[in-house]
Amino acid sequence: TMEGHSIVSPQEIEWGPAPAVLPPGAQAAVLFGDPSKEGLFALRLKLPAGYRVPPHTHPVDEVLTVISGTFRMGMGETADQSKAPPLPAGSFFALPPGTAHYVSTKEETVIQISTNGPWGLTYINPKDDPRQKSH
């Protein structure tokens with residue numbers, strides 16, 4: 001990182017475990033900023049084939065771009081995969097804070113979230129939170 005600006009080439013992305021609030025299997029790379037703090041950030045998530053995130057909301061705008069693969073997103077508090085249209089690479093969406101939605105993949109998919117933190121995720125059904133399953 002140079003003073004005043006950031007440049008990250010695809011080869012330089014360092015993938016690590018995704019935040020514990022997400023179901024196991026995803027990988028994450030913070031490209032800019034810190035999702036846990038106030039201010040702008042850019043976070044990439046690599047989701048494996050067959051990945052699902054149950055219905056949830058975010059406390060901040062969800063501003064997302066599909067980098068590769070196909071991302072499926074449905075709206076509402078109940079997951080119905082038949083109502084989750086495929087969003088191919090290059091797709092973009094922005095959801096206001098508190099909008100209930102759910103997501104899935106059929107193939108490995110990389111997405112980028114670029115918004116203001118602090119980012120978080122609240123499941124509609126608290127039992128869906130993977131952090132609850134470890135106790």
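The values are calculated or read from the model by the stated rules, or taken from the named source; none is laboratory data. As the structure is a prediction and not an experimental result, all values here were calculated from the model. Counting neighbours? That spans all protein chains shown, and the Cβs are built from the backbone with ideal geometry, glycine included. Just so you know, the surface numbers come from the protein's heavy atoms only, side chains and all, with ligands and any DNA or RNA stripped out. Shrake-Rupley method; radii C 1.70, N 1.55, O 1.52, S 1.80 Å.
Among (1) open to solvent by less than 20 Å² (accessible area, probe 1.4 Å); (2) within 19 Å of Asp128 (Cβ to Cβ); (3) within 12 Å of the chain's Cα centre (by Cα); (4) not basic (Lys, Arg), there is one condition Ala84 misses while meeting the rest; what is its number?
All conditions pass for Ala84, except number (3).
Which residue pairs have Cβ atoms under 8 Å apart, sit 6 or more places apart or on different chains, and have a first residue in the stretch 63-86 that is farther than 19 Å from Ile113 by Cα and a second that is in a helix (DSSP H, G or I) and open to solvent by 50 Å² or more (accessible area, probe 1.4 Å)?
Gly76/Lys83
Lys127 is checked against (1) surrounded by 13 or more Cβ atoms within 10 Å (Cβ to Cβ); (2) within 21 Å of Pro24 (Cα to Cα) and fails just one. What number does that condition carry?
So the condition that Lys127 fails would be (1).
What are the pairs with Cβ atoms under 9 angstrom where one residue, in the stretch 35-57, is within 24 Å of Ile7 (Cβ to Cβ) and open to solvent by 40 Å² or more (accessible area, probe 1.4 Å) and the other, located anywhere, is of a type in the set (A, V, I, L, M) and outside any strand (DSSP E or B)? Sequence gap at least six, or different chains.
If the second residue must be of a type in the set (A, V, I, L, M) and outside any strand (DSSP E or B), the pairs left are Arg44/Ile13; Lys46/Ala18; Lys46/Ala26.
Under 8 Å between Cβ atoms, at least 6 apart or on separate chains: pull out the pairs that start in the stretch 116-133 with a residue that is closer than 13 Å to His58 by Cα and end on any residue that is among the hydroxyl-bearing types (Ser, Thr, Tyr) and open to solvent by less than 90 Å² (accessible area, probe 1.4 Å).
If the second residue must be among the hydroxyl-bearing types (Ser, Thr, Tyr) and open to solvent by less than 90 Å² (accessible area, probe 1.4 Å), the pairs left are Gly117/Ser36; Pro118/Ser36; Trp119/Ser36; Leu121/Thr57; Thr122/Thr57; Ile124/Thr57.
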